[in-house]
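For reference, the structure is listed below as structure tokens.
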Amino acid sequence: MHGRPRRPAKPEDEAAASAKAAKLRDLQAQVLQNHHSRTYTKVAIGLSFKLLEINPEAYTAWNYRKLAFQHNIKELSDPEAIRSAVDDELRVVEVALRQNPKSYGAWYHRKWLLNQKLAPVDSKREFGLLDKLLKVDARNFHGWNYRRFLARFMGVPDEEELKYTMDKISDNFSNYSAWHNRSILLSNLLIQQSKVFFTFTDPSDQSGWFYHLWLLAQTSTPDNPQLIASWPCNGAKLSSSLVKEKVEQSILSSIWCHSLKERTVPIVLYFNEPVKGLNQSSVKLKSDLEFGKDICWRALSVTDSGYSNCWATYLQIANECSSSQQYSVDMSIPCSDDIVSRSGSTYNCPVHLTFTIELISDEAQDIDLFDKPVSWNRSESFQPHEILESMPFDLLKITSALVEEDSNWHFERLSEEIDLFRELPDDNSKFVKLTLARLLLACAAIKSRGRSLIERKRYCEEAMGYLSDLIRLDPSHKRYYEDERSLVLMDKLTCDMETFVKHCSVKVEPNLVPLNHVQLCSLSLTRIGFAERLIWVQVLDLSHNSLRSVEGLEALQQLVSLNISNNQISSFTALEPLTKIISLKVLDLSFNEIGAHSIDTTRYICSSPFSHKVEACEAFEECRKKSINVEEYWDAILFFASLKLAQLDIKGNAVASKVDFRTLVTMLIPSLKWLNGECAN
């Protein structure tokens, strides 16, 4: 509990704890026996009370009491007797809460009792109990959660609850639970309340600042999920193969798709916030093509929550081709209650797209991209190609007049906030600088819904200045600020084609197909952002940065070659997003930090650690047959077993110098032709 100091245990405390544990075990055994035998006598129920008096977290005892209460209440018909039974059960909860005011089971049991609606609720008693508990610990989030439940249950107006909440904030400005309660109550009154606390906040107190950041997030985010990018984009023409003679004449009309050689076409949809519910009914596809399997959408996310910004499906084409043929694919996403965000908002921005797939005869000449090692030449000057003029940069932009009008109103209020913060006296307050940076980025996000890209870049540049100051002022949170600055830099570089074209080209070399190439080297990037603007990229050079993760690249389903050499990748688990890219053939991991740490905790703490996966049991068995230490290389095994590379460079990492490592790589990637610039076999 907040404010209670810990004290060292004494010998007599240990003896008392031992006796308490013995009594607890005996009570638990008796309660379990009564639970299994459905014994609901007064004596049996009394034993569950004794158990909960000692240990309010005994969930089985609470469940037993629910069943016993339901069984015994059926025998009562007198309203007073029913009310007495309810009161007895409420008193049991109160006894448990005296023992542990944060008992999940006790609070849930009390809510359950009230929801039975068997007797009138004594509001004075209920709110009085809460007042007592919140006086002991004003930040008891269980108590606040129960108060919200009780206010809804009793029909208490939000205005009254707001007044109570503000009284608690006035008593203790650092009451995070009260601020959270206020944020919930103000869900429909955000803008009107956005400046209330500035008149009395302490610039060094975090609670008010966090509340303001929450308000800011509500202000700058659209109410409903929106589709912001897709691949293939509307009007795109994909080709499965381009023979040498056709390269020059086809480059402006077709986009080479490597996966089409295997009769697979990835479709990527990117939303502005994580959503779930994509399926054949919420996303409709129509084509003359024959698809070999049912269309199944999957979340391209490093977590297993079911929500993701990015979703993909892989069309398996079953058509036989004796000559070059073109097929049209229509995709429509109507307003759908199936597609829903974490906040419960549904998708209401209908979209219709059409793209073309060109299939080449199986007997047609194929081009082998990997008959020699692919080299990365950073000194090579980028010559923007004509194709970039027709490349749809903002792949999808859904901006209704209503959204623009709403955005303009939000923008005016945010501008007032920026002016207010600039007048604050403490220029070196990290909270002031961080909030100013976030306000500027919120303005930039709103401008992105319209066409004010020049103004957007100005906001990004100013925000980067504040984040650079924060790296100097608050070194303990340096990595966080570096990540935020990297996101802003990615936004600034990619928000319009005029800026981005300096980093783009189309590589056209003898015997090779044209590939869309982006080079973002030596920019001190620590994190990848705005991946939705890169989903058309086929060759990506991110070398000589400070990347610690590649999260976000999983959206780049067209990516064939990736260079992330000379970064700060320290484990294979940090590379897990790359296993979701079906077209990836060339990967340069050289001169990172993989295997450099004797105890590499990042192997276990990534967003979706490989240790959660069980699909690679066969790979483990194969490695054991080769006498490879599976316990040492488990993350490398799971990573490489998921790839179909033609070229891998991993020199300069500590793991690459280990004796069995080359054997492991060549065994797990049978398609590998080149390893560290040499023939793999």
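The values are calculated or read from the model by the stated rules, or taken from the named source; none is laboratory data. All values derive from a computational prediction rather than experimental measurement. We place every Cβ from the backbone using ideal geometry, glycine too, and count neighbours over all the protein chains shown. For accessibility, only protein heavy atoms count, side chains too; no ligands or nucleic acids. Shrake-Rupley method; radii C 1.70, N 1.55, O 1.52, S 1.80 Å.
What to note about this one:
- Residues (of a type in the set (Val, Ile, Thr) and either modelled with pLDDT of 60 or more or more than 26 Å from residue 546 (Cα to Cα) (or both)) located in region 601-641: 614, 628, 630, 637
- One residue alone among 564, 581 is under 17 Å from residue 639 (Cα atoms) and touching a helix residue (DSSP H, G or I) at 6+ places or on another chain (Cβ under 8 Å), and that residue is 581.
Let's see how each residue does on (1) modelled with pLDDT of 90 or more; (2) within 23 Å of residue 41 (Cβ to Cβ):
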position: 76; (1), (2): no, yes
position: 84; (1), (2): yes, yes
position: 92; (1), (2): yes, yes
position: 95; (1), (2): yes, yes
position: 99; (1), (2): no, no
position: 108; (1), (2): yes, no
position: 112; (1), (2): yes, yes
position: 122; (1), (2): no, no
position: 127; (1), (2): no, no
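- Each residue in region 439-474 was checked for being of a type in the set (Gly, Ala, Ser) and either at pLDDT 90 or above or not in a helix (DSSP H, G or I) (or both), and 6 pass.
- Here residue 27 qualifies as more than 20 Å from residue 150 (Cβ to Cβ), assigned by the TED database to the domain that holds residue 142 and touching a helix residue (DSSP H, G or I) at 6+ places or on another chain (Cβ under 6 Å).
- Per the conditions (1) part of a helix (DSSP H, G or I); (2) modelled with pLDDT of 75 or more; (3) among the β-branched types (Val, Ile, Thr), the sole criterion not satisfied by residue 184 is (2).
- Candidate set: region 307-343, residues that are among the small types (Gly, Ala, Ser) and modelled with pLDDT of 85 or more; chosen: the one nearest to the chain's Cα centre (by Cα): 308
- Look at (1) modelled with pLDDT of 90 or more; (2) open to solvent by 10 Å² or more (accessible area, probe 1.4 Å) and you find that residue 665 fails only one, number (2).
- Of all residues in region 465-484, exactly one satisfies the criterion of being hydrophobic (A, V, I, L, M, F, W, C), within 17 Å of residue 439 (Cβ to Cβ) and touching a residue at least 40 places away in the same chain (Cβ under 8 Å), namely 470.
- Looking across region 642-662, the residues that are modelled with pLDDT of 90 or more, part of a loop (DSSP other than H, G, I, E, B) and open to solvent by 70 Å² or more (accessible area, probe 1.4 Å) come down to 644, 651.
- All conditions but one from (1) within 23 Å of residue 135 (Cβ to Cβ); (2) touching a Ser or Thr at 6+ places or on another chain (Cβ under 7 Å) apply to residue 61; the one that does not is (1).
- Flag: residue 162 does not match the condition of being closer than 25 Å to residue 61 by Cα, part of a helix (DSSP H, G or I) and either at pLDDT 85 or above or not acidic (Asp, Glu) (or both).
- Taken together, the residues in region 33-64 that are surrounded by 14 or more Cβ atoms within 10 Å (Cβ to Cβ) and over 16 Å from residue 105 (Cα atoms) amount to 7.
- Looking only at residues in region 217-266 that are closer than 30 Å to residue 439 by Cβ and modelled with pLDDT of 75 or more, the one that is surrounded by the most Cβ atoms within 10 Å (Cβ to Cβ) is 229.
- The residues listed here are 130, 97; of these, the one that is aliphatic (A, V, I, L, M), in a helix (DSSP H, G or I), touching a Leu at 6+ places or on another chain (Cβ under 8 Å) and over 17 Å from residue 168 (Cβ atoms) is 97.
- Of residues in region 526-547 being part of a loop (DSSP other than H, G, I, E, B), farther than 17 Å from residue 587 by Cβ and not β-branched (Val, Ile, Thr), the one modelled with the lowest pLDDT: 536
- Residue 494 vs. criteria open to solvent by 20 Å² or more (accessible area, probe 1.4 Å) and touching a helix residue (DSSP H, G or I) at 6+ places or on another chain (Cβ under 8 Å): no
- Taken residue by residue, region 583-600 has at least one member that is under 27 Å from the mean Cα position of the chain (by Cα), at pLDDT 90 or above, surrounded by fewer than 21 Cβ atoms within 10 Å (Cβ to Cβ) and not in a helix (DSSP H, G or I).
- Residues in region 548-557 that are assigned to a loop (DSSP other than H, G, I, E, B) and either open to solvent by less than 10 Å² (accessible area, probe 1.4 Å) or modelled with pLDDT of 95 or more (or both): 3 in all.
- Single unsatisfied condition, residue 120 versus (1) free of Cβ contacts under 8 Å to residues at least 40 places away in the same chain; (2) assigned to a loop (DSSP other than H, G, I, E, B); (3) open to solvent by less than 40 Å² (accessible area, probe 1.4 Å): (3)
- Residue within region 74-83 that is assigned by the TED database to the domain that holds residue 18, farther than 22 Å from residue 120 by Cβ and loosely packed, with under 14 Cβ neighbours inside 10 Å present: no
- Top-ranked residue of region 151-166 - restricted to ones that are out of contact with any helix residue (DSSP H, G or I) (no Cβ under 7 Å at 6 or more places or on another chain) and open to solvent by 70 Å² or more (accessible area, probe 1.4 Å), ranked as nearest to residue 125 (Cα to Cα): 152
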